[in-house]
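Take a look at the structure below.
Please treat every number below as a calculation from the coordinates, not as lab data. None of the values given here were measured: they were computed from a predicted structure. Cβ atoms come from the backbone with ideal geometry, glycine included; neighbour counts cover every protein chain shown.
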Amino acid sequence: MGKVIFVSSKNPAKIKAVHSAASKLFPDSCIRVNPLEVDSGVSSKPVNEDVVRGALNRSSAMRDQLRQQAIPYDYLVSIEGGYDVQLGVHLMPEHDRDRYFGSWRSAYLVDFILVEDASGLTHTLKSTIVEISPGMLDAVRAGESLNACISKITGAENNKHGQGVGGYLSGGILDRASQMTNAIYATFCPFVMADRYNTLDQVLGGG
């Protein structure tokens, strides 16, 4: 029996990651991953809550479009990349670290993943890729693209669909494709491994 999955992007890295994760989760099924590019309704470089809102908007747009066209599916997958600003430090000296604890702020490149099944049941997961410097965050907020800048440095076209920011900053050690695949796999787990979740909950609850 096959599994039909729609992904809210034509990015080949995202499509490949979804297919790879689904193939592990449903080894006995024929996997069909279909791109369905829809608008996120947020900035192309979303920060904090807008990352979540973008994934939610994409999922809702896919669902509405597919239902209107009476196209069946098993799962919808939305992957919204963006930036998460939270408590943390970036190369801060020890005396400043202790003195300014309450004002610590670090920015992280993240993927927010939303999986929705045909009944509308939804699960989400946030995957942190790499931390970026304050200067990089300022550039993003000013409208600059880190991927475009990296492409100029490396000479490689379309860094966004290649190694990504995390791949560049880690010297290739952080493979975004592998990280994304694992994050998608983890987002699907409550659907596919529900018996394991339920068993552990029952044991913890004394049931």
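Rounded to the nearest 0.05, what FRET efficiency do Ala139 and Asp39 have when you use their Cβ-Cβ distance and R0 = 41 Å? Intermediate results must be reported in sequence, preceding the final value.
On the way: r = 24 Å, r/R0 = 0.59.
It comes out at approximately 0.95.
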Report the far tail of the P(r) of the stretch 110-198, meaning the percent of Cα-Cα pairs longer than 15 Å.
67 percent
Which far-off residues, 5 or more places away or on another chain, put their amide H under 5 Å from the one on Tyr83, with H placed in the peptide plane?
Val47, Asn48, Val110
Assuming 0.36 nm per residue, please report the length gained on full extension of the stretch Lys16 to Gln69 beyond their Cα-Cα distance.
16.6 nm
In the stretch 3-204, taking the dipole from +1 charges on Lys and Arg beta carbons and -1 charges on Asp and Glu beta carbons about the Cα centre, the listed residue (Ser133, His19, Leu200) farthest towards the positive end is His19
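Given charges of +1 on the Cβ of Lys and Arg and -1 on the Cβ of Asp and Glu, with all other atoms neutral, how large is the dipole of the chain about its Cα centre, in debye to the nearest 20? Each step should come with its number before you reach the end.
On the way: 20 positive and 22 negative charges, 79 e Å.
Dipole size: approximately 380 debye.
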Taking Cα atoms, how many degrees apart are the long axis of helix 49-68 and the longest axis of the chain, rounded to 10 and kept between 0 and 90?
30 degrees
Hull-based mean projected area of the chain, where the convex hull spans the alpha carbons, in square nanometres:
15.0 nm²
For the chain, the longest stretch holding no trypsin sites (Lys or Arg not before Pro) located in a DSSP loop with at most 15 other Cβ atoms within 10 Å is which?
106-207
Relative to the longest principal axis of the C-alpha atoms of the chain, give the angle of the C-alpha long axis of helix 194-204, reported between 0 and 90° and rounded to the nearest 10°.
70 degrees
Helix-derived [θ] at 222 nm for the chain: sum -39500 (n - 2.57) over DSSP H runs of at least 4, divide by residue count, nearest 500?
-13500 deg cm²/dmol
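How do Asp84, Asp111, Asp39 rank when sorted from fewest to most other Cβ atoms within 10 Å of their own Cβ? List each step's numbers first, then the result.
Values: Asp84 21, Asp111 25, Asp39 10.
Final ranking by Cβ density, sparse to dense: Asp39, Asp84, Asp111.
Defining a contact as two alpha carbons under 8 Å apart and six or more residues distant in sequence, what relative contact order in percent does the chain show? Numbers along the way, then the final one.
On the way: 336 pairs, mean separation 39.5, N = 207.
Worked out over the chain, it gives 19 percent.
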Quick check: the angle from helix 12-25's long axis to the longest principal axis of the chain, C-alpha only, nearest 10 degrees?
50 degrees
Ranked from fewest to most other Cβ atoms within 10 Å of their own Cβ, Leu114, Leu25, Leu204 fall in the order Leu204, Leu25, Leu114
